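*Asks:* Have a look at the structure that comes next, please.
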Amino acid sequence: ARSLALEYRLPQTHTVDRIMALSQRNLFKPSFGGELIEVFTYLSTLRAEAGLRKIKQGIPQDNYLNPKDLNKLQREVLRDSFKIVNEFKKFITYHFKLGMIS
């Protein structure tokens, strides 16, 4: 979202605000923007929870999230989240014509 925000000279600095602004510019469907926000929020929450667990255990905090630490529902939502992330990556690749760069 940062690259698109720079391209469109958006002043927003928070990812959710950037996604909302890009949706308002009809860069992608509002429903897709909403999905991206949900995914970003979900992944951020999982990351924060994992970090807090590590702090409580006295383990150095990093960005690693072990799927084995998640329950079945969380893993399913994570899988679905990755599908949306991949859809956004395809959009970015097409938008910036990254497939043409070798």
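Here, each number is a calculation from the coordinates, and none is a lab measurement. Predicted, not measured: the structure shown is a model, and the values here were computed from it. Neighbour counts are summed over all protein chains in view; Cβ atoms, including those assigned to glycine, are modelled from backbone coordinates with ideal geometry.
*Asks:* Search the structure for amide H atoms under 5 Å from the amide H of residue 10, placed 1.01 Å from N in the peptide plane, and list their residues when 5 or more places away or on another chain.
*Replies:* Under 5 Å from the amide H of residue 10: no residue qualifies.
*Asks:* Which ³J(HN,Hα) values in Hz, rounded to whole numbers, follow from the phi angles of region 5-21 under the Karplus curve 6.51 cos²θ - 1.76 cosθ + 1.60, where θ = phi - 60° and Gly and Pro get x?
*Replies:* Listing the rounded values in order: 4, 5, 4, 8, 6, 7, x, 5, 10, 9, 3, 4, 4, 5, 4, 4, 5 Hz.
*Asks:* What list of ³J(HN,Hα) couplings, whole Hz, do you get for region 39-47 from phi and the Karplus terms 6.51, -1.76, 1.60, once you set θ to phi - 60° and write x for glycine and proline?
*Replies:* 5, 4, 5, 4, 5, 5, 5, 4, 5
*Asks:* Could I ask something else about it? Trypsin sites (Lys or Arg not before Pro) within region 1-64: which are DSSP loop residues with at most 12 other Cβ atoms inside 10 Å?
*Replies:* For trypsin sites (Lys or Arg not before Pro) across region 1-64 that sit outside H, G, I, E and B with at most 12 neighbouring Cβ atoms in 10 Å, the list reads 9, 25.
*Asks:* Same structure, new question: Go through (1) 7.2; (2) 6.1; (3) 8.2 and flag the label whose value is the computed mean projected area of the Cα convex hull in nm² for this structure.
*Replies:* After the calculation, the listed value that fits is (3).
*Asks:* If the label point is 7 Å along Cα→Cβ of residue 29, which residues in region 77-102 have backbone nitrogen under 15 Å from it?
*Replies:* 84-85, 87-88, 91
*Asks:* Which of 65, 22, 73 moves most in a GNM of the chain, Cα contacts under 10 Å?
*Replies:* 73
*Asks:* Something else about it: Quick one: angle between helix 72-95 and the longest Cα principal axis of the chain, in degrees between 0 and 90, rounded to 10, please.
*Replies:* 30 degrees
*Asks:* Which residue, 60, 11, 30, tops the fluctuation ranking in a GNM of the chain built on C-alpha contacts under 10 Å?
*Replies:* Most flexible of the set in this elastic network: 60.
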